[in-house]
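A.B. asks: Once you've had a glance at the structure underneath, I'll fire off some questions.
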Amino acid sequence: METTNAEIKLRHVELDVLIPKMMREKARERCGEQVQAFNHCCKESGFAMAFKCREENTALKECLIKHYQDPDFFQECKKEYIEEKLEFERTGIARKHRTQKLPTSM
């Protein structure tokens with residue numbers, strides 16, 4: 001029997017921990033320009049970064065929060081999480097292991 005995404009019942013930990021973790025990872029990718037600018041500023045500023053990098057830090061936080069508070073983004077990540085969960089249940093292989101290459105020599 002095929003299970004659809006609408007029929008999947010998610011546990012509390014999935015909704016409150018695992019999906020938000022996925023959202024944080026994806027938001028950092030989507031805010032790559034701001035992450036890069038903040039990291040560059042921190043490297044250049046050393047100990048003075050708390051004062052010198054306020055503008056970059058603010059831009060990064062605004063970008064990340066925009067994604068964290070977007071209900072469509074949550075639904076997108078939830079859908080992806082459910083697809084990965086169903087694939088794991090079907091194959092028994094986690095996503096990170098499916099994407100790894102097999103050694104060429106044994």
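A.B. asks: Under 19 Å between alpha carbons, and skipping anything fewer than 8 positions from Lys26 in its own chain: which lysines qualify?
C.D. replies: Lys61, Lys66, Lys78, Lys79, Lys85, Lys96
A.B. asks: Within 10 Å of each candidate Cβ there may be at most 11 other Cβ atoms; applying that plus a DSSP loop requirement, which GluC sites (Glu not before Pro) in the stretch 1-91 survive?
C.D. replies: Glu2
A.B. asks: Rounded to the nearest 20 Debye, what is the dipole magnitude of the stretch 12-91 about its Cα centre when Lys and Arg each give +1 and Asp and Glu each give -1 at the C-beta?
C.D. replies: Around 320 debye, computed over the stretch 12-91.
Throughout, read-outs are computed from the coordinates displayed, never taken from laboratory work. Please read these numbers as outputs of a predicted model, since none were measured by experiment. No Cβ is skipped: glycine too gets one built from the backbone with ideal geometry, and neighbour counts run over all protein chains shown.
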